[in-house]
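The values are calculated or read from the model by the stated rules, or taken from the named source; none is laboratory data. All values reported here derive from a predicted model rather than from experimental measurement. When we count neighbours, we look across all protein chains shown, and the Cβ atoms used for this are built from the backbone with ideal geometry, even at glycine. Quick note on the areas: whole protein, heavy atoms, side chains included, nothing else; ligands and nucleic acids left out. Shrake-Rupley method; radii C 1.70, N 1.55, O 1.52, S 1.80 Å.
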Amino acid sequence: MLKLEEVKTDVFNDWCPGCGDFGILSALQQAIAELEVPREKIAVFSGIGCSGKTPHFLNVYGIHTLHGRSLPIAAGAKLANKDLTVIAVGGDGDGYGIGAGHFVATGRRNLDLTYVVFNNGVYGLTKGQSAPTLAKGLRTKSMPAPAIVEAVNPIALAICAGFTFVARSYSLSVKHLKATILAAIRHPGTALVDVLQPCPTYNDLHTKEFWAGADTPDKKPRWYDLQQEGFDAVVRDPEDGGEVVRKKTAGVMKSLEGGEREPVGVFFEWKTATYGEQLAARMPLLAEKPLAEADFSGRDLTPLLAELA
Amino acid sequence: MSNQADLVWMIGGPQGSGINLAAETLTRCCMRGGLHVFANIEYHSNIKGEHSYYRLRIAKERRRSHLERVDLLVALDRETLVGDVHKSEVTHRGHLHEMAPGGAILFDSGNGPAPGDPSREDVRMFPVPFRDILLEALRMYGREGEVGKLQIMYNVIGLGASIGLLGYDQDLVTRVIAEGFKGRKAALADLNVAVFRRAAEYAMERFATSYPHRLSVLGGSGGRVMMRGIQAVGMAKILAGCGLQTYYPITPATDESDYLESRQGQFPTAVVQCEDEISAVLMAIGAAHAGVRASTSTSGPGFSLMAEGLGWAGITEAPGPVVILYQRGGPATGLPTRHEQADVRFALHAAHGEFPRIVVAPGDAEECFRTTFEAFNWAERYQCPVTVITDKYTASSYSTIPPFETSGLKIDRGVVFTPPKSGKDGFLRYKFTKNGISPRSRLGDRGGIFWTSGDEHNERGHIVESAENRVKMQTKRMTKLVTAAKEIPEGMMWTLHGPADAEVMVVGWGSTKGPILDAIEELETQGVAASFLQLRLLLPFPGDAVRKVLRKAKTHVMVEGNYGGQVRGLIREMTGVHVRRLVHKFDGRPFSQDEVREGILQQLKSARRPAVMSHA
């Protein structure tokens, strides 16, 4: 267990006051502190946008990549050093828009890494355009006209793409978020944590008050904890293909439920062979040590040349 | 080869008919008999049916390019003779018109010329009953019922007929065929040998007396190997300790990734097929930051997608990746299975902004090997992306060459940080240094925690937008190129073949090396003394040295495989010297020795306009 101060940096944070990012940063810092992994064995990758600055506020290896490209870079690092705890973060435009191709491929690959998506429905840093998760027909204050395209459903997309741990949380429910992030990191395989969050500057629809349900008759939050309501997302027998299909279907159905309150928590969880494990079956070296620690010097090409003699 | 220096053998047929196996077996057989071979292939972007051909130039001495003429043609179908006359739009005329006077054609009597097809009186036509020969051989094994399925062995009949006609050592060929059918395929060895023997006997008995050319064993292989560019690159990666190879399937680069993956058991390299080339380059960059030598291989369309990633590698000073760019005909999908040298300007500039990178152009398989090996050293030493630019001709052509000399090759991982004894933080990943190179730690190193960003950053790697930091950091990064230009040996930058004061200096880069060397050798016998300045390191460009060399000759002729004379322009930009004479080609086919020779002669006569060469 690290002290919280040890995982923070002295870099000035220029997010807007009241930004949902602060909750996510806080949960990330707490999760990293609790992880029982040396700081140098943790690498956080980010995309572009407000969330892209996150690694600069975490005292671990921090790699601020390109718009939509955190996942392939993170994957390369994980392939190079299997001992790294790899966390990628980014906005919903980053992950589900410009990076959607990588998102799907990352799910299929099932490397052991965690992806935390800051989902606020808008492109904040470019001043409030609609993001892929903003529902059709909605118009935030900086949009000239309502959205006329459907929103993507990241939970269903992730389950169908092959993510083996798919969860959602809410940025200002730091305790739930921290626990979800920790579970995601500890999950052996590719994990998604989609984090609902307010953007106080550009999203005047999904505000802190909106999520708190301040405007509803019973004043209850607009989200509820799936697991508290008894939803079982975990595949109990990883080899049982039928159960995998049933649990995936249930997770997707849950994500499509709609209604007044958003479900948060774990939608799907399946412990199956990771990319790294499967690669190690072909390359026994990988079971012994990270690629980065292997010594490839002094190789002899004689057998390769003999093939061509 | 009894009466000429070179024998050009060609096999043509529909894709999927196994011409590769026949051609590569013959290459190996010639090499084992002490002969030299240069072999190149042309094929369509198609799986089955379209015309493809493989050409072997066989000689007693080393050859580095192909010739336009064909001496002995094996035609597995009519299209090989007269072209795709069955189509509404004829796109090629076959190879009958390329035959040397006195040449011969072995063709399938069941799929030969039709009445009214073009013919040549100066070419011998030898009909071979492919089906009957196959049936006879199959009968020996009681498998004549499989004649339809086993038509795939027509390629072996073509090979056998050629060997019989040329009087080459059948036992040697038999051994080579048998070697090729090992493991699961072992049961097929005897059948293939039987088919080969029957075809050889048939051609020898019926045609050899009316054909003057013979191919004889000169001795042993002299230890030579038959090498393609992709194998040379693959071996260099293995020797350099490349730990991760990423790729997205693309012609003609994929063979190299397949090569590495299929040898993973013996030489572990993680080979990852990615969702696109954006991912391929970025995954390699991510691995490089984590301390693994990483590479990706692609062609023009894929390289276009990698542009963004190269910029990120540049600003974050990633110790890699090494990108192998196998050019093909562009733009867009262009001519996907054909040759061109038109991506060089793009390789020099791909991605927005300014950042240090190295671009190097090997000229043949041997240089592919050496250059790729050094590329990993440079990537780590200068912490920048290195692009090795080659092309389809180099990638897929076979040369019989001595095995690579590896004793002088040393892995250099550049300046690595020393972990602080205290284990405390504060490592400056982007420390300002005189030569621009900052010691690097790897993700995961204790005491080496750093940040990095595609945003401009300070020595710690945190975002800073100040003008002062920008100037210092950009200068630091770009200084690495100055350092590289000083440290990379001149022998890797350019090569002058022949005397500097020759009457004519031919200038080229990349795969034109072979045809240029062969052409200037031929020109010398015709009284034209020419040297060849081969440019290899294109970025950083050795401008001063190249200017000095160029000034030693009065007449220069640029040879390159693109429309615009891209490297001619680069030379003018970097040296102030305008090479007025240009021989260029952009028809999707590589230069032959003949085309380079003719082009040079044309330009020496008149430089009023460039010489545009085109196959057939």
For this session: Count, please, the residues in the stretch B:569-593 that happen to be free of Cβ contacts under 8 Å to residues at least 40 places away in the same chain, out of contact with any Lys or Arg (no Cβ under 7 Å at 6 or more places or on another chain), assigned to a helix (DSSP H, G or I) and not aliphatic (A, V, I, L, M).
Result: 2
Exercise. Are any of the residues in the stretch B:350-358 within 15 Å of the chain's Cα centre (by Cα), part of a strand (DSSP E or B) and on the phi < 0 side of the Ramachandran plot?
Worked result: no
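Does B:Pro113 qualify as being open to solvent by 70 Å² or more (accessible area, probe 1.4 Å), over 25 Å from B:Leu188 (Cβ atoms) and either modelled with pLDDT of 95 or more or touching a Lys or Arg at 6+ places or on another chain (Cβ under 6 Å) (or both)? Talk me through it step by step, then tell me what you get.
Working: open to solvent by 70 Å² or more (accessible area, probe 1.4 Å): no; over 25 Å from B:Leu188 (Cβ atoms): yes; either modelled with pLDDT of 95 or more or touching a Lys or Arg at 6+ places or on another chain (Cβ under 6 Å) (or both): yes.
So B:Pro113 does not fit the description; no.
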Problem set entry | Given (1) closer than 27 Å to B:Glu374 by Cα; (2) within 14 Å of chain A (Cβ to nearest Cβ); (3) open to solvent by 40 Å² or more (accessible area, probe 1.4 Å); (4) among the charged types (D, E, K, R), number of the condition B:Glu490 does not satisfy | (2)
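Give the residues of the stretch A:288-304 that are surrounded by 19 or more Cβ atoms within 10 Å (Cβ to Cβ) and facing chain B (nearest Cβ under 7 Å), sorted by residue number. Please lay out each step first, then the result.
Step one: filter the stretch A:288-304 for residues surrounded by 19 or more Cβ atoms within 10 Å (Cβ to Cβ), giving A:290-292, A:296, A:304.
Within the stretch A:288-304, A:Leu291, A:Ala292, A:Phe296, A:Leu304 qualify.
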Exercise. Here are some residues: B:Thr433, B:Thr400, B:Thr418. Which one is more than 22 Å from B:Glu560 (Cβ to Cβ) and modelled with pLDDT under 95?
Worked result: B:Thr418
For this session: Looking only at the stretch A:98-105, decide whether some residue is more than 7 Å from every other protein chain (Cβ to nearest Cβ), outside any strand (DSSP E or B), in contact with a Leu (Cβ under 7 Å, 6 or more places away or on another chain) and within 15 Å of A:Tyr123 (Cα to Cα).
Result: yes
Seminar exercise, completed: With criteria (1) within 14 Å of chain B (Cβ to nearest Cβ); (2) open to solvent by 80 Å² or more (accessible area, probe 1.4 Å), A:Leu285 comes up short on (2)
Problem set entry | Among (1) crowded, with 24+ Cβ neighbours inside 10 Å; (2) within 18 Å of B:Glu560 (Cβ to Cβ), the one test that B:Val504 misses | (1)
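Quick one: is B:Leu533 modelled with pLDDT of 95 or more and open to solvent by 40 Å² or more (accessible area, probe 1.4 Å)? Break it down stepwise before answering.
Working: modelled with pLDDT of 95 or more: yes; open to solvent by 40 Å² or more (accessible area, probe 1.4 Å): no.
Criteria not met by B:Leu533.
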Seminar exercise, completed: Checked the stretch A:252-282 for anything of a type in the set (A, V, I, L, M), surrounded by fewer than 18 Cβ atoms within 10 Å (Cβ to Cβ) and away from chain B (no Cβ under 13 Å); matches are A:Met253, A:Leu256, A:Ala273
Problem set entry | Scan of the stretch A:155-167 for residues that are open to solvent by less than 20 Å² (accessible area, probe 1.4 Å) and not small (Gly, Ala, Ser), ordered by number | A:Ile155, A:Ile159, A:Phe163, A:Thr164, A:Phe165, A:Val166
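State the number of residues belonging to the stretch A:35-59 that are assigned to a strand (DSSP E or B) and out of contact with any Phe, Trp or Tyr (no Cβ under 8 Å at 6 or more places or on another chain). I'd like the intermediate steps shown before the answer.
Our first condition is that a residue be assigned to a strand (DSSP E or B); within the stretch A:35-59, this holds for A:42-46, A:58.
Those still in the list that are out of contact with any Phe, Trp or Tyr (no Cβ under 8 Å at 6 or more places or on another chain) too: A:45-46, A:58.
Result for the stretch A:35-59: 3.
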Problem set entry | Residues being at the interface with another protein chain (Cβ under 7 Å from one of its Cβ atoms) and assigned to a loop (DSSP other than H, G, I, E, B) - total across the stretch A:60-92 | 7
Exercise. Mind checking which residues of the stretch A:1-26 are touching a residue at least 24 places away in the same chain (Cβ under 8 Å), more than 21 Å from A:Thr201 (Cβ to Cβ) and in a helix (DSSP H, G or I)?
Worked result: A:Leu4, A:Glu6, A:Val7
Exercise. Hey, B:Cys29 hits all of (1) in contact with a Pro (Cβ under 9 Å, 6 or more places away or on another chain); (2) buried (at least 21 other Cβ atoms within 10 Å of the Cβ) but one; which does it fall short on?
Worked result: (1)
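Name the strands (runs of 3 or more DSSP E) wholly within the stretch B:379-454 that hold at least 1 residues that are within 10 Å of another protein chain (Cβ to nearest Cβ) and closer than 30 Å to B:Arg57 by Cβ?
Values: elements: B:386-391, B:398-401, B:451-453.
In the stretch B:379-454, B:398-401 are the strands (runs of 3 or more DSSP E) which contain 1 or more residues that are within 10 Å of another protein chain (Cβ to nearest Cβ) and closer than 30 Å to B:Arg57 by Cβ.
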For this session: Residue by residue through the stretch A:278-307, note down the ones that are more than 23 Å from B:Asp445 (Cα to Cα) and part of a helix (DSSP H, G or I).
Result: A:Gln278, A:Leu279, A:Ala281, A:Arg282, A:Thr302, A:Pro303, A:Leu304, A:Leu305, A:Ala306, A:Glu307
Exercise. Which residues, taken from the stretch B:43-94, are closer than 23 Å to B:Ala161 by Cα and open to solvent by 70 Å² or more (accessible area, probe 1.4 Å)?
Worked result: B:Lys60, B:Arg69, B:Arg78
Exercise. Is one or more of the residues making up the stretch B:581-599 farther than 22 Å from B:Arg328 by Cβ and among the aliphatic types (A, V, I, L, M)?
Worked result: no
For this session: Output the number of the condition that A:Glu307 fails; it satisfies all remaining conditions of (1) closer than 23 Å to A:Thr140 by Cα; (2) open to solvent by 30 Å² or more (accessible area, probe 1.4 Å).
Result: (1)
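Can you spot a residue in the stretch A:35-43 that is surrounded by 24 or more Cβ atoms within 10 Å (Cβ to Cβ), within 12 Å of another protein chain (Cβ to nearest Cβ) and under 26 Å from B:Glu317 (Cα atoms)? Even if it seems obvious, please write down each step before you answer.
Looking only at the stretch A:35-43, we keep the residues that are surrounded by 24 or more Cβ atoms within 10 Å (Cβ to Cβ), and these are A:43.
Imposing the further condition that a residue be within 12 Å of another protein chain (Cβ to nearest Cβ) reduces the set to A:43.
Subset that is under 26 Å from B:Glu317 (Cα atoms): A:43.
Taking every residue of the stretch A:35-43 in turn, at least one turns out to be surrounded by 24 or more Cβ atoms within 10 Å (Cβ to Cβ), within 12 Å of another protein chain (Cβ to nearest Cβ) and under 26 Å from B:Glu317 (Cα atoms).
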Exercise. Which fully enclosed helices (runs of 4 or more DSSP H) of the stretch B:198-295 have 1 or more residues being away from chain A (no Cβ under 14 Å)?
Worked result: B:254-262
Seminar exercise, completed: Inside the stretch A:201-251, the number of residues satisfying the requirement of being in contact (Cβ under 8 Å) with a residue 60 or more places away in the chain, within 29 Å of A:Met143 (Cβ to Cβ) and open to solvent by less than 60 Å² (accessible area, probe 1.4 Å) is 5
Exercise. Does any residue of the stretch B:326-344 turn out to be touching a residue at least 60 places away in the same chain (Cβ under 8 Å), out of contact with any Leu (no Cβ under 7 Å at 6 or more places or on another chain), open to solvent by less than 10 Å² (accessible area, probe 1.4 Å) and part of a helix (DSSP H, G or I)?
Worked result: no
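One residue is enough: does the stretch B:268-284 have a residue meeting the conditions of a type in the set (S, T, N, Q) and out of contact with any Lys or Arg (no Cβ under 9 Å at 6 or more places or on another chain)?
First pass over the stretch B:268-284, keeping only residues of a type in the set (S, T, N, Q): B:269, B:273, B:279.
The next check asks that each one be out of contact with any Lys or Arg (no Cβ under 9 Å at 6 or more places or on another chain); those that pass are B:273.
Within the stretch B:268-284, one or more residues are of a type in the set (S, T, N, Q) and out of contact with any Lys or Arg (no Cβ under 9 Å at 6 or more places or on another chain).
When the stretch A:46-59 is examined, which residues are found to be facing chain B (nearest Cβ under 8 Å), open to solvent by less than 10 Å² (accessible area, probe 1.4 Å) and under 15 Å from the mean Cα position of the chain (by Cα)? Step through it out loud before you land on a result.
Of all residues in the stretch A:46-59, those facing chain B (nearest Cβ under 8 Å) come to A:48, A:53, A:55-56, A:59.
Okay, now just the ones that are also open to solvent by less than 10 Å² (accessible area, probe 1.4 Å), so A:55-56.
Residue satisfying the conditions is A:Pro55 alone.
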Problem set entry | Residues located in the stretch B:144-197, provided they are of a type in the set (Val, Ile, Thr) and in contact with a strand residue (DSSP E or B) (Cβ under 8 Å, 6 or more places away or on another chain) | B:Ile157
